[in-house]
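The values are calculated or read from the model by the stated rules, or taken from the named source; none is laboratory data. These numbers come from a predicted model, not from an experiment. Neighbour counts are summed over all protein chains in view; Cβ atoms, including those assigned to glycine, are modelled from backbone coordinates with ideal geometry. In case anyone asks, the SASA skips ligands and DNA or RNA and just uses the protein heavy atoms, side chains included. Shrake-Rupley method; radii C 1.70, N 1.55, O 1.52, S 1.80 Å.
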Amino acid sequence: MRRRFVISILMSLLAPAAFGEIRYVAAKKLWHLEAGPVSYVIGVNERNELEPIYWGKRLWRDDDLAAAHSQPEWASFDLSSTTTPQEFPGWGGGRYIEPCLKVTLPDGVRDLVLKYVTHRIAGDDLEIDLKDTAYDLAVTLHYRVFPETGMIRKSAVIVNHTPNGLTVESSQSGSWTLPRGDGYRLTYLSGRWAGEWQINQEPIQPGVKVIESRRGNTSHQANPWFAIDDGQANEGHGRVWFGALGWSGNWRLAIEQTSHQQVRVTGGFNPFDFSYPLAAGERLETPPFYAGFTEGGWGEMSRLMHRFERAYILPGGLTSRLRPVLYNSWEATEFSVDEPGQKALAEKAAKLGVERFVMDDGWFGARNNDHAGLGDWTVNPAKFPHGLGPLIEEVNKLGMDFGIWVEPEMVNPDSDLYRRHPDWAMHFPDRPRSEARNQLDLNMAREDVKNYIFGALDKLLAENPKIAFLKWDMNRNFSEPGWPEVPPPEQRKLWVAYTRNVYEIIDRLRAKYPKLEIESCSGGGGRVDLGILTRTDEVWTSDNTDAFDRLRIQEGFSLAYTPKTMMAWVTDVPNFNGRSTPLQYRFLVAMMGSLGIGGNLNKWSDADMALATRMVDLYKSVRKTVQEGRLYRLFAPRSDGFSANQYVAEDGRQTVLFAFRTAQHFGYPPPTVRLSGLDERAVYRLKTMDNKLVDKIETASGAYLMNQGINLRLGGDYDSTAIVFERVP
Ligand code: DGJ
């Protein structure tokens, strides 16, 4: 033990950010989870309850840590079980805080008191077994540390070892407890269709703030991510605790400040309408709940999240390839797709340097509008008389790979599938089925539906082996979530089984077609979370493609998710909201993520095509930096008529600045831009795309660029520029 401890200190001095270890300090019954720059400490108190002890900047000396001990009661209204911080509280024994687990036993008992039994440490993993004081109900808490980023993952497995069935009514992945105190501030994301990713900030006060989805998927309305700072953080500095759930079904985060000044975030399956029977021997596993800590403000928080997602969440991890430049036909043609029309667009897209051509909605069944065809995944013979083969071949010949849109979880009542299987749509017997966009949700919890959908997609991919990419859409939320074919007590399992089965289909497809890439879309950003991102390569950020709105949408997205996954298209103007912005502005906004083009190229002028070709070239020269670099949000689009983002390549050799001016007032210039994240001693060569640098600077040191800064000539409305800085060797 002593040797390990010495090694631990040596290792941490050598590489403080990358070293991690999980130690059990037996004398004090503590676990010290060292995740690189972060420490997380849990202990067992004298009542054998699990207590959170510490979460924050790494502590190197276990001798400093005190053993867990319970807190006294606060009068007769708050028992010690509620004043004592709890790592994974069951609902019972007088605990009034948000529980992590609530059950009803067959004899009617609704009291659960979990006590420590044993634990196992294996490398970066820790498992702690808990058990109820009276019943054979076991819970295993799983922890994993990710030393490089300081992130920690929690989840729980509940196993019914009693001889009878029981019902789980709330099953949370875990809760994260902050250092005791007040003055904390919560940041979270909310929105609606075409207005996702809005940033909200508010003080945390006594009580419980709930952000959640009851809609069956992750939702546009809220995202399962949070950040809490000590009230003083800003983009560049300050203590921030943050986390995200990996679940694409109903979820809930409860941000709670107890009357004893404990701030905790409890998250997992949404307990709303939740009821999960566990037969004897059955188990329920919660989704993973990830969290981290930084002293570097929201900027460093995002950079840690981005790095973590690329390394540990996205398929392929750090070896996954850069996102190709994509063309998508939706805004150009809507449902009017056919072979000649798609070929004509593909030819033009190829001239711009596009690398992936995606045919969107409208290619299958009787899908001429949104009233019919969903569910019938066979090629429409009038639009594609010889199948998809000739189009795919042409696209490949033009040097692009081919992708196609699907919406597998849905059915139009006007479809052959629905006529054959009306019972496959989610419904309650003898009650109306609410249609949204003229469609119903298939009950993906059913095994037969799951197998049918897997079969339909498998057939599509087997018959067209050159399909490289699926855009997987989901254009409505659940309503009437009935499952009449199973006994009533089992019916609410739908909430969990649906999402698990969607995950399973994607996992099976990826296993069978290892080169296939997938985009998660739900009418824009309705299904973006760390669960879907473990099995999809990118997401459709929003159906709102207006570049000005996008600046704010993208800012919110970037708080939690990496630009590599953030699909952003350049589309035509005026946009759906009536706004027109210049083509260059639209390109530069979209180039801050994974670039796509979604305009009607048939209508683009020669000048538009020439500018677009230059912009695609420029994007290719900086895309590694944008997709895999470190993002510095220099000026937020929320607060100024001016905004700017800077991306620094991981190896520090390149940095790229994007700057946007919404409106000029009274002839004032935009603010001076001081860069971040550069090497003070290094010299950088500047490459401007359109001479909008006020001073003719060809090279400058990192010190100059970060302290004196540069001035840009941006005026009028919707002006924009980009500058690339290459480190002089
Ligand atoms: C919603 C998506 O977000 C759009 O990009 C497009 O694919 C349509 N669905 C097609 O119906």
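Say whether the condition of being part of a loop (DSSP other than H, G, I, E, B), hydroxyl-bearing (Ser, Thr, Tyr) and farther than 22 Å from Asn250 by Cα is met by at least one residue in region 174-181.
Applying the first criterion (part of a loop (DSSP other than H, G, I, E, B)) to region 174-181 yields 178-181.
Filter once more, so that each one left must be hydroxyl-bearing (Ser, Thr, Tyr): none.
Scanning region 174-181, I find no residue that is part of a loop (DSSP other than H, G, I, E, B), hydroxyl-bearing (Ser, Thr, Tyr) and farther than 22 Å from Asn250 by Cα, so the answer is no.
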Would you confirm whether any residue within region 317-326 is modelled with pLDDT under 95 and either under 16 Å from the mean Cα position of the chain (by Cα) or at positive phi (or both)? yes
Single condition Pro637 does not satisfy, out of (1) in a strand (DSSP E or B); (2) at pLDDT below 95: (1)
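Select from region 699-717 the residues that are closer than 16 Å to Met689 by Cβ and of a type outside the set (D, E, K, R) and list them in ascending order. Give the derivation first.
Keep residues of region 699-717 that are closer than 16 Å to Met689 by Cβ, which gives 710, 712-714.
Answer for region 699-717, where residues must be closer than 16 Å to Met689 by Cβ and of a type outside the set (D, E, K, R): Ile710, Leu712, Leu714.
Could you tell me which residue of region 317-346 is nearest to the ligand (Cβ to nearest atom), considering only residues that are among the small types (Gly, Ala, Ser) and part of a loop (DSSP other than H, G, I, E, B)? Give the steps one after another, and end with the answer.
Taking region 317-346 first, the residues among the small types (Gly, Ala, Ser) are 317, 320, 329, 332, 336, 341, 344, 346.
Of the ones still in play, those that are also part of a loop (DSSP other than H, G, I, E, B) are 320, 329, 336.
Numbers: Ser320: 23, Ser329: 9, Ser336: 12 Å.
Ranking the candidates gives Ser329 first.
Give me the residue from region 593-607 that is more than 16 Å from the ligand (Cβ to nearest atom) and surrounded by 15 or more Cβ atoms within 10 Å (Cβ to Cβ) and, out of that set, farthest from Gly403 (Cα to Cα).
Our first condition is that a residue be more than 16 Å from the ligand (Cβ to nearest atom); within region 593-607, this holds for 601-607.
Among the residues that remain, those that are also surrounded by 15 or more Cβ atoms within 10 Å (Cβ to Cβ) are: 601, 604.
Details: Leu601: 18, Trp604: 23 Å.
Here the residue is Trp604.
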From the residues in region 38-59 that are under 30 Å from the mean Cα position of the chain (by Cα) and of a type in the set (Lys, Arg), which one is surrounded by the most Cβ atoms within 10 Å (Cβ to Cβ)? Arg58
Among the numbered criteria (1) out of contact with any strand residue (DSSP E or B) (no Cβ under 8 Å at 6 or more places or on another chain); (2) buried (at least 20 other Cβ atoms within 10 Å of the Cβ); (3) over 23 Å from Arg500 (Cα atoms), which one does Arg446 miss? (3)
Does region 613-631 contain any residue that is free of Cβ contacts under 8 Å to residues at least 40 places away in the same chain, outside any helix (DSSP H, G or I) and closer than 26 Å to Asp537 by Cα? yes
Among the residues of region 461-477, is any more than 16 Å from the ligand (Cβ to nearest atom), touching a residue at least 60 places away in the same chain (Cβ under 8 Å) and of a type in the set (Lys, Arg)? yes
Go through region 353-371 residue by residue and tally those that are touching a residue at least 60 places away in the same chain (Cβ under 8 Å), within 15 Å of the ligand (Cβ to nearest atom) and of a type in the set (A, V, I, L, M, F, W, C). 1
Just one of Asp543, Asp529 is open to solvent by 20 Å² or more (accessible area, probe 1.4 Å), in contact (Cβ under 8 Å) with a residue 60 or more places away in the chain and under 24 Å from Asn477 (Cα atoms); which is it? Asp543
Residue count for region 318-349, restricted to those that are within 15 Å of Glu538 (Cβ to Cβ) and either touching a His at 6+ places or on another chain (Cβ under 6 Å) or open to solvent by less than 20 Å² (accessible area, probe 1.4 Å) (or both): 6
Could you check Ser171 against (1) open to solvent by 50 Å² or more (accessible area, probe 1.4 Å); (2) within 30 Å of Met474 (Cβ to Cβ); (3) in a strand (DSSP E or B) and say which number it fails? (1)
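Would you check if there is a residue in region 428-439 being assigned to a helix (DSSP H, G or I) and surrounded by 17 or more Cβ atoms within 10 Å (Cβ to Cβ)?
Looking only at region 428-439, we keep the residues that are assigned to a helix (DSSP H, G or I), and these are none.
No, region 428-439 contains no residue that is assigned to a helix (DSSP H, G or I) and surrounded by 17 or more Cβ atoms within 10 Å (Cβ to Cβ).
Please tell me if Leu374 is open to solvent by less than 20 Å² (accessible area, probe 1.4 Å), touching a helix residue (DSSP H, G or I) at 6+ places or on another chain (Cβ under 9 Å) and over 20 Å from Thr545 (Cβ atoms). Don't jump to the end; show me each part of the working.
Numbers: open to solvent by less than 20 Å² (accessible area, probe 1.4 Å): yes; touching a helix residue (DSSP H, G or I) at 6+ places or on another chain (Cβ under 9 Å): yes; over 20 Å from Thr545 (Cβ atoms): yes.
So Leu374 passes the test.
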Identity of the residue in region 542-570, among the hydrophobic types (A, V, I, L, M, F, W, C) and under 16 Å from the mean Cα position of the chain (by Cα), that ends up nearest to the ligand (Cβ to nearest atom): Met567
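Just to be sure before I move on: is Ala350 among the small types (Gly, Ala, Ser), more than 21 Å from Ile506 (Cα to Cα) and away from the ligand (no atom under 16 Å from the Cβ) in the structure I sent? Let's see the steps before the verdict.
Details: among the small types (Gly, Ala, Ser): yes; more than 21 Å from Ile506 (Cα to Cα): yes; away from the ligand (no atom under 16 Å from the Cβ): yes.
Criteria met by Ala350.
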Tell me which residues, restricted to region 130-147, are among the hydrophobic types (A, V, I, L, M, F, W, C) and either at pLDDT below 95 or more than 12 Å from Asn160 (Cβ to Cβ) (or both). Leu130, Ala134, Leu141, Val145, Phe146
Could you check, for region 637-659, whether at least one of its residues is of a type in the set (A, V, I, L, M), touching a helix residue (DSSP H, G or I) at 6+ places or on another chain (Cβ under 8 Å) and without any contact (Cβ under 8 Å) to a residue 60 or more places away in the chain? yes
So, in region 60-71, exactly how many residues are open to solvent by 60 Å² or more (accessible area, probe 1.4 Å) and hydrophobic (A, V, I, L, M, F, W, C)? 2
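Considering only region 506-526, state which residues are over 17 Å from Ser320 (Cα atoms), more than 10 Å from the ligand (Cβ to nearest atom) and either in contact with a strand residue (DSSP E or B) (Cβ under 9 Å, 6 or more places away or on another chain) or modelled with pLDDT under 95 (or both).
Step one: list which residues in region 506-526 are over 17 Å from Ser320 (Cα atoms), which gives 506, 508-509, 512, 521-526.
When the remaining residues are screened for being more than 10 Å from the ligand (Cβ to nearest atom), the result is 506, 508-509, 512.
Within region 506-526, Ile506, Leu509 meet the criteria.
Please verify whether region 559-566 includes one or more residues that are under 14 Å from Pro315 (Cα atoms) and surrounded by fewer than 24 Cβ atoms within 10 Å (Cβ to Cβ).
First pass over region 559-566, keeping only residues under 14 Å from Pro315 (Cα atoms): 562, 564-565.
Retained after the next criterion (residues that are surrounded by fewer than 24 Cβ atoms within 10 Å (Cβ to Cβ)): 564.
Yes, there is a match, as at least one residue in region 559-566 is under 14 Å from Pro315 (Cα atoms) and surrounded by fewer than 24 Cβ atoms within 10 Å (Cβ to Cβ).
Take Tyr312 and decide whether it is hydroxyl-bearing (Ser, Thr, Tyr), within 16 Å of the ligand (Cβ to nearest atom), in contact with a strand residue (DSSP E or B) (Cβ under 9 Å, 6 or more places away or on another chain) and outside any loop (DSSP other than H, G, I, E, B).
On the way: hydroxyl-bearing (Ser, Thr, Tyr): yes; within 16 Å of the ligand (Cβ to nearest atom): no; in contact with a strand residue (DSSP E or B) (Cβ under 9 Å, 6 or more places away or on another chain): yes; outside any loop (DSSP other than H, G, I, E, B): yes.
The answer is no for Tyr312.
Listed here are the residues, each with its yes/no results for (1) within 16 Å of the ligand (Cβ to nearest atom); (2) under 26 Å from the mean Cα position of the chain (by Cα).
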site	(1), (2)
Ile404	yes, yes
Asn412	yes, no
Ser415	yes, no
Tyr418	no, no
Pro429	no, no
Arg433	no, no
Leu440	yes, yes
Give region 608-650 a look and list any residue that's out of contact with any Gly (no Cβ under 9 Å at 6 or more places or on another chain), acidic (Asp, Glu) and open to solvent by 30 Å² or more (accessible area, probe 1.4 Å), or say none. Asp640
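From the list Leu101, Leu114, Leu79, Leu105, which one is surrounded by 15 or more Cβ atoms within 10 Å (Cβ to Cβ), of a type in the set (A, V, I, L, M) and within 30 Å of Tyr312 (Cα to Cα)?
One residue alone meets the criteria, Leu101.
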Is it true that some residue in region 379-401 is open to solvent by less than 10 Å² (accessible area, probe 1.4 Å), touching a helix residue (DSSP H, G or I) at 6+ places or on another chain (Cβ under 7 Å) and within 16 Å of the ligand (Cβ to nearest atom)? no
